[in-house]
Amino acid sequence: MKKIITMIFFLQIALLPASAQDMSTITCQIHEMVMLNQILPFRQQGIMGVGEAESQFNDEKDVRTRVFLKQYVRQLYADPKWGDKTLRSGQFMNACIKVNRGY
């Protein structure tokens, strides 16, 4: 499921002008989509445990971003309303981009 979402997302991004997106933004948009469309609903439905949810981000190559994502998952699991709010308000994206860029 994650791979299908990722492939669709990259196809959509490829159609945008090259200057519209940087790699950190694209990376974080993909992670945001996974959080909103997979992790949060699975948490709300009790389908996936926190450890399994964290493992969805094991492929993230940037260590700082991987740690951020796993910490975010733990916090989202502890408080799904907070997770929904931060994902929909842009707070997740802002924090993710900052971590991914390193500044």
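Being more than 14 Å from the chain's Cα centre (by Cα) and of a type outside the set (S, T, N, Q) is the filter here; which residues of segment 43-71 pass it?
Our first condition is that a residue be more than 14 Å from the chain's Cα centre (by Cα); within segment 43-71, this holds for 43-52, 63.
Scanning segment 43-71 gives 43, 46, 47, 48, 49, 50, 51, 52, 63.
When you check residue 97 against the structure, is it at pLDDT 95 or above, surrounded by 13 or more Cβ atoms within 10 Å (Cβ to Cβ) and in a helix (DSSP H, G or I), yes or no?
Values: at pLDDT 95 or above: yes; surrounded by 13 or more Cβ atoms within 10 Å (Cβ to Cβ): yes; in a helix (DSSP H, G or I): yes.
So residue 97 passes the test.
Can you say whether residue 51 is at negative phi and among the small types (Gly, Ala, Ser), as far as the supplied structure shows? Lay out the reasoning, then the answer.
Values: at negative phi: yes; among the small types (Gly, Ala, Ser): yes.
For residue 51, the condition - at negative phi and among the small types (Gly, Ala, Ser) - is met.
Quick check on residue 42: is it among the aromatic types (Phe, Trp, Tyr) and touching a residue at least 24 places away in the same chain (Cβ under 8 Å)?
Working: among the aromatic types (Phe, Trp, Tyr): yes; touching a residue at least 24 places away in the same chain (Cβ under 8 Å): no.
So residue 42 does not fit the description; no.
The values are calculated or read from the model by the stated rules, or taken from the named source; none is laboratory data. The shown structure was predicted, so the numbers you read here are calculated from the model rather than taken from an experiment. Methodologically, a virtual Cβ is constructed for each residue, glycine included, from the backbone with ideal geometry; neighbour enumeration extends over all protein chains shown.
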